[in-house]
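Okay, structure first, notes after.
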Amino acid sequence: MANTPENRELHPSTWKAAKGYANGMLAEGRTIWVGGQIGWNGDQVFETDDFVGQVRQALDNIAAVLAEAGAEPRHVVRLTWYITDKAEYLARLPEIGQAYRAVMGKHFPAMTMVQVVALIEDRAKVEIEATAVLPG
């Protein structure tokens, strides 16, 4: 990820390179907290039970909430992912990466991923929280 005027990746020079995420981000501006988004649409309807499809929808939902504040995915400084199946995540990583880049571009903020037993919505396979900083 390239550093931009809006944010700067924090990576100790002696550490192995992070792939697909940043260890930290430095940003200044107005903060946007996006609550956990799951793989349903704006009408709260799941259009798919496919893991990658739900990841894409959750990311689309984050982008839609950001847009309400005049922000874009490039303003995200942190993502927290909650997934119900680590094995499926790892097996489908190339597809997930493609869905991620389609929404987020080549922007890889600080990220945390946690496997959970279940999410509140029974059909949900992923929930993603975001924090973004809008310059100015």
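Name the residue, out of VAL65, VAL55, that is touching a residue at least 24 places away in the same chain (Cβ under 8 Å), closer than 18 Å to PHE108 by Cβ and out of contact with any Cys (no Cβ under 7 Å at 6 or more places or on another chain).
Criteria check complete, one pass: VAL55.
Can you find a residue that is in contact with a Leu (Cβ under 9 Å, 6 or more places away or on another chain) and over 16 Å from GLY53 (Cα atoms) anywhere in the stretch 112-119?
yes
Restricting the search to the stretch 106-136, which residues are over 17 Å from TRP33 (Cα atoms) and either touching a helix residue (DSSP H, G or I) at 6+ places or on another chain (Cβ under 6 Å) or without any contact (Cβ under 8 Å) to a residue 12 or more places away in the chain (or both)?
HIS107, GLN115, ILE120, ASP122, LYS125, VAL126
What strands (runs of 3 or more DSSP E) completely inside the stretch 1-113 contain at least 2 residues that are at pLDDT 95 or above and either surrounded by 12 or more Cβ atoms within 10 Å (Cβ to Cβ) or aromatic (Phe, Trp, Tyr) (or both)?
Filter on the stretch 1-113 gives 30-38, 76-83.
The values are calculated or read from the model by the stated rules, or taken from the named source; none is laboratory data. Note that the structure is predicted; figures quoted are calculated from it, not measured. Glycine gets a Cβ as well: all are built from the backbone with ideal geometry, and neighbour counts include every protein chain shown.
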